[in-house]
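Notes for the one structure printed next.
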Amino acid sequence: MSTIFSIPPTIITGAGASEKVGEQAKRLGATKALIVTDPGIVKVGYPHQISNNLQNAGITSTIYSDVTPDPTLQNVNDGLKQYVDEKCDLIVSIGGGSAIDCGKGIAIKLTNDGEFAVYMGVDKIPNPGVKLIAIPTTAGTGSEVTKVTVITDTERNVKMMLSSSCLLASVALVDPILSLTTPPHLTAAVGVDALTHAIEAYISKRAQPITDALALKAIRLISGSLRQAWADGENISAKTDMMIGASIAGMAFSNSSVALVHGMSRPIGAYFHIHHGLSNSVLLLDVMEFSLVGAPHRFADIAEAMGEQIDGLSLMKQADAAITAVERLVNDIDMPRLGEIGIDADKFEEVIEKMAADAIASGSPANNPRQASQEEIIALYRKCFASRTRNI
Ligand SMILES: [Fe+2]
């Protein structure tokens, strides 16, 4: 069976990469850019730096800065209106996954007719979006290099996942300097999201040799530097590993898919407005334990990539070591468990069946090495809810 691997045609990484925005926008033939971002990023001044850099290259810009943490259809429509009204010919998204996802949503809505929901799922978008330069400020989603966007339909409480090469950015500028302002709790949450991307990309049934190489490298970089990046936000070496690790993990999962953790985490985010990284983190350990029998060799590789000594152990013990390594990591960076983040137990039970149905409908669980029925997903949600942080 043949496989496809696609990433943005230009990816520039390293300290100062974001300063290439003017040069790259000019190369793309742009005259006016819509800068898509959120209010928090405006506060730290990055959009104006981007605007000045574009100006120096002879490109004017206008800023749309109302992107919400889980970007909504309203965000996409508002940004789109500004793009059209201001006669832009390029989108520059700067921020976390939300700003970049919103930029991608605007980009394809400009070139495709009809309701957004029609494009939900895999390879449903007919036309490539308008040109987009993606600049991440956090080491998490990898959205700058993925063909995925997640837009929330607030009326239906559904996080719509769209995956298509039509969503790929023209240029990704991965600059670790921009992540120095990320606060520790966010470094932890987005870092676990990136680790989850790498783990799920590696155990996915759609994994291929190219994504394997990327996923294992990302696991090494992220597990080797997340603690330091969390402990000292100005540790440029750790932040560089995290930014590049998150991007590499993005390239991996974008082409081999995420799996059961992401399938189950999106409904938690949609119903309880929990940060995406946190909603992955609270599921990761129990879902890994459930999935392990489907791909023990792959879990053993993950343990090794995380630095565990597995020589001489039986295969299942080697695979188990991956779960212990992840548990130690999430404990070290103070990530709580599902029952510890203020979700009301009765409300959780009320929507548990719907969440399990939404998880399956997203398609991601189908790529898990162990298939989960709706009843098993419900049981997993309950198990995660009962889990507490323990000393290991
Ligand atoms: Fe994710």
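Each reported figure results from applying straightforward, stated rules to the coordinates on display, with no laboratory input. A quick note: this is a predicted structure, and the numbers were derived from the prediction, not measured. Glycine also receives a Cβ, built like all others from the backbone with ideal geometry; neighbour counts cover every protein chain displayed.
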**Report entry** Calculated Rg and Dmax of the stretch 211-321 using C-alpha coordinates, Å
**Finding:** 14.9, 45
Query raised in the report: Given 0.36 nm per residue, what is the gain on full extension from ALA15 to GLN74 after removing their alpha carbon distance, in nm?
Result: 17.9 nm
Query raised in the report: When we measure straight from the Cα of LYS239, which lysines land under 22 angstrom away, once same-chain ones fewer than 8 places off are left out?
Result: LYS20, LYS43, LYS217
Requested in this report: Given a cut-off of 20 Å, name the pairs among LYS159/LYS354; LYS205/LYS354; LYS109/LYS159 whose C-alpha atoms lie farther apart than that in the structure shown.
Outcome: LYS205/LYS354
**Report entry** the chain: radius of gyration and largest Cα-Cα distance (Dmax), Å
**Finding:** 19.9, 65
Query raised in the report: What number in nm² do you get for the stretch 1-50 if you take the convex hull of its Cα atoms and divide its surface by four?
Result: 5.8 nm²
Report task. Report the relative contact order of the chain, percent, no decimals, based on alpha-carbon pairs under 8 angstrom and at least 6 residues apart. Result -> 15 percent
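Given a Förster distance of 35 Å, report the FRET efficiency between LYS81 and HIS48 from their Cβ-Cβ distance, rounded to the nearest 0.05.
0.95
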**Report entry** Rg/Rh ratio calculated on Cα atoms of the stretch 147-264 (Kirkwood radius)
**Finding:** 0.99
Query raised in the report: How big is the gap, in Å, between the Cα center of the stretch 320-367 and the Cα center of the stretch 169-245?
Result: 20 Å
Query raised in the report: When only DSSP loop residues count, what trypsin sites (Lys or Arg not before Pro) in the stretch 179-224 have their Cβ near at most 16 other Cβ atoms within 10 Å?
Result: LYS205, ARG206
Requested in this report: Scan the chain and report its longest stretch carrying no GluC sites (Glu not before Pro) that are both in a DSSP loop and have at most 11 other Cβ atoms within 10 Å.
Outcome: 235-392
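How high is the FRET efficiency from ARG382 to MET1, r the C-beta distance, R0 35 Å, rounded to 0.05?
0.45
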Report summary line: Share (percent) of C-alpha pair distances in the stretch 184-386 greater than 24 Å works out to 35 percent
Query raised in the report: Using the beta-carbon distance between SER373 and LEU110 and R0 = 30 Å, what value does 1/(1 + (r/R0)^6) give for FRET efficiency, to the nearest 0.05?
Result: 0.15
Query raised in the report: What residue among LEU167, LEU380, LEU313 shows peak mean-square fluctuation when the chain is described by a Gaussian network model with Cα springs under 10 Å?
Result: LEU313
Query raised in the report: Direction-averaged shadow area of the convex hull around the Cα atoms of the stretch 280-372, nm²?
Result: 6.8 nm²
Query raised in the report: Cα-based Rg of the stretch 10-179 per 2.2 N^0.38 Å, rounded to two decimals?
Result: 0.93
